[in-house]
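In what follows, a structure is listed as structure tokens, so that the remarks can point back to it.
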Amino acid sequence: MLIESLFKLAKTQAIELEIFALGGDRMELAGAKMLGKTTRLAAMGLIESIPFIWPTLQLQKRAKEFFRDHPPDLIILIDYVGANVAIGQSAKKIIPQVPIIYYIAPQVWIWSEENIPSAKLRATAEKLFNTEKLIAVTDKLLAIFPAEARFFEAKGLPVTWVGHPLVDRMANAPNRQEMRQKWAIKPEETVIALLPASRQQEFKYLVPTVCAAAQKLQEKIPDIKFLIPVPLALYEPKMRELVAEYGLNAVIMERDQTLEAIAAADLAVAKSGTVNLEIALLNVPQVVVYRLSAITAWIARNIMKFSVPFVSPVNLVLMREIVPELLQEEANPERIMQECLDLLLNQQRRQKMLDEYAETRAGLGTVGSCDRVAQEVFKMLELRGK
């Protein structure tokens, strides 16, 4: 959506715009010329990231070569702090005159003084998230959360809060009734959207657990149907195998049907991440789950003394528990099943969650986030006389 907004604004100003990108298929479809694809490189955790180090270094090398051969007028770094900080450092060495905008910074602001009293823990978090290096390579930061804007402003970085891009995307979200008709859902059926994975590691550590919980739910609620969007086509055979293994009454859907699955659902079980905000914006109750490898979890707890108040962005926006988070050992089939049953049967708890979603939505800003980002980009280009 950002690329579309950039091209749209360029057209209104009669500016000829070229966008080169490292990213996914949606960027390419929007008109970016791809330097490389990053779709399969995402990972969470220390051990889990190891297989992606070499391909990430190759993409960084490609970016360096591009800076030397085709210096851009401006660079936008989006998310992925480790790789992007390295790219930013290369850019500052090769083309120091080119400004860098950082959009969607790492959630290091969670470890602010108001949330984490321990100065030592805050310092560890800032080091882990490359905060000093990020600030050093960034000329302007565009924040998607108000707390993020406050955190980086306090660090002396020029910041503009633009709001969350999901608000734009969800403006034309699918309708519940229409989606239930489309997917032939009977009035008496209870529908649960299962969204446990977007990364390869999650198929190993999380998806089987969620499928086992779904099996337990199916035993409790005979008229139940599961809608399962698959993030990448290469994961579909494994997902079908697990659905068959656990005997689930499930419909496997494509990635671009994720919002349809959520809209049609009475409840969602989802990994922690942006999808939690999508679920909240569609007003569907949810249970958030996540598991890392046992080794990574042990290192985080015992060596790095890693601790956060929440992991789901729905809770992070207001810094209080709105949706339940089941992490590591708590993310087991029995516990997931019990949380789901309670949210399906306890109308008071369901309604409380839905009421609090409204507060979360207010913290995400208004429609037009991507257009505001595009405006900030063109302001910076104007400052350079471009």
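Return only the number of the condition from (1) closer than 27 Å to Leu354 by Cβ; (2) part of a helix (DSSP H, G or I); (3) at pLDDT 95 or above that Asp256 does not satisfy.
All conditions are met except number (3).
Rundown of residues vs (1) acidic (Asp, Glu); (2) modelled with pLDDT of 90 or more; (3) part of a helix (DSSP H, G or I), yes/no style:
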| residue | (1), (2), (3) |
| --- | --- |
| Ala261 | no, yes, yes |
| Val275 | no, yes, yes |
| Ile295 | no, no, yes |
| Asn315 | no, yes, yes |
| Val323 | no, yes, no |
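Leu267 passes all but one of (1) over 25 Å from Ile322 (Cβ atoms); (2) at pLDDT 90 or above; (3) aliphatic (A, V, I, L, M); which number fails?
Every condition holds for Leu267 apart from (1).
Tell me which residues, restricted to segment 350-386, are free of Cβ contacts under 8 Å to residues at least 12 places away in the same chain and at positive phi.
Answer for segment 350-386, where residues must be free of Cβ contacts under 8 Å to residues at least 12 places away in the same chain and at positive phi: just Gly385.
Mind listing whichever residues of segment 315-333 are farther than 13 Å from Glu359 by Cβ and of a type in the set (A, V, I, L, M)?
Initially, segment 315-333 is screened for residues farther than 13 Å from Glu359 by Cβ, giving 324-333.
Selection gives Leu326, Leu327, Ala331.
Any chance segment 241-252 includes a residue that's among the hydroxyl-bearing types (Ser, Thr, Tyr) and outside any helix (DSSP H, G or I)? If you could, list the steps in order and put the result at the bottom.
Filtering segment 241-252 down to residues among the hydroxyl-bearing types (Ser, Thr, Tyr) leaves 246.
Keeping just the survivors that are outside any helix (DSSP H, G or I) gives 246.
Scanning segment 241-252, I find at least one residue that is among the hydroxyl-bearing types (Ser, Thr, Tyr) and outside any helix (DSSP H, G or I), so the answer is yes.
Return only the number of the condition from (1) within 28 Å of Asp342 (Cα to Cα); (2) crowded, with 21+ Cβ neighbours inside 10 Å; (3) at pLDDT below 95 that Val191 does not satisfy.
Status for Val191: all satisfied but (3).
All but one of (1) surrounded by 19 or more Cβ atoms within 10 Å (Cβ to Cβ); (2) without any contact (Cβ under 8 Å) to a residue 60 or more places away in the chain; (3) not small (Gly, Ala, Ser) hold for Leu166, so report the exception by its number.
So Leu166 meets the others, but not (2).
Looking only at residues that are in contact with a Gly (Cβ under 8 Å, 6 or more places away or on another chain) and buried (at least 19 other Cβ atoms within 10 Å of the Cβ) in segment 195-240, which one is nearest to Glu278 (Cα to Cα)?
Step one: list which residues in segment 195-240 are in contact with a Gly (Cβ under 8 Å, 6 or more places away or on another chain), which gives 198, 201, 215, 218.
Narrowing further to those that are buried (at least 19 other Cβ atoms within 10 Å of the Cβ): 198, 201, 218.
Working: Ser198: 14, Gln201: 22, Gln218: 25 Å.
Residue satisfying both the conditions and the ranking: Ser198.
Residues in segment 30-74 that are in a loop (DSSP other than H, G, I, E, B) and modelled with pLDDT of 60 or more: how many?
Matching residues across segment 30-74 total 10.
Just one of Glu188, Glu148, Glu178 is more than 20 Å from Ile262 (Cβ to Cβ) and assigned to a helix (DSSP H, G or I); which is it? Let's see the steps before the verdict.
Values: Glu188 fails: assigned to a helix (DSSP H, G or I); Glu178 fails: more than 20 Å from Ile262 (Cβ to Cβ).
One residue alone meets the criteria, Glu148.
The values are calculated or read from the model by the stated rules, or taken from the named source; none is laboratory data. This one's a predicted model, so the numbers in the text were calculated from it and none came from an experiment. Neighbour counts are summed over all protein chains in view; Cβ atoms, including those assigned to glycine, are modelled from backbone coordinates with ideal geometry.
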